[in-house]
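Working notes, beginning with the structure itself.
What follows draws every value from the coordinates through simple rules; no lab data is involved. This one's a predicted model, so the numbers in the text were calculated from it and none came from an experiment. For neighbour counting, all protein chains shown are included, and Cβ atoms are generated from backbone atoms with ideal geometry for every residue, glycine included.
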Amino acid sequence: MKDYRIQGNEDFTTYVSLVEEFDDSYKVLIKKTGESFTKEKTEMISKHLLELCVRTGYMSEINQAQMQMV
């Protein structure tokens, strides 16, 4: 599946990995990494919201190599 980086705060970086696809939504793993911490949680997001975030530039797709460095 695909991985994304969320544009935002300089103190930490947030990544979203699609884990499972459903008819109108995705199960995603949200990984927030900072200088001295990493937090992970699983959430559901609608396909419409994901597409909107990508289209507006709030989230940008990253490749597997970039995700391995996290």
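For the pair Ser60 and Phe22 in one chain, pulling the backbone fully straight at 0.36 nm per residue adds 11.6 nm over the alpha carbon distance.
Which loop chymotrypsin sites (Phe, Trp or Tyr not before Pro) in the chain, with loop taken from DSSP, have no more than 11 other Cβ atoms within 10 angstrom of their Cβ? Passing sites in the chain are Phe22, Phe37. Charge tally for Lys47 (other residues, Cβ to Cβ under 10 Å; Lys, Arg +1; Asp, Glu -1): -4. Volume per residue of the convex hull around the Cα atoms, evaluated for the chain, comes out as 80 Å³.
Entry note, the chain: the mean residue ellipticity at 222 nm calculated from DSSP H runs of n ≥ 4, each adding -39500 (n - 2.57), is -5000 deg cm²/dmol after division by the residues and rounding to the nearest 500. Under the combined filter of DSSP loop state and at most 13 neighbouring Cβ atoms within 10 Å, the chain retains these GluC sites (Glu not before Pro): Glu10, Glu35. Here the stretch 3-64 is treated with +1 on each Lys and Arg Cβ and -1 on each Asp and Glu Cβ, and its dipole about the Cα centre works out to around 120 debye.
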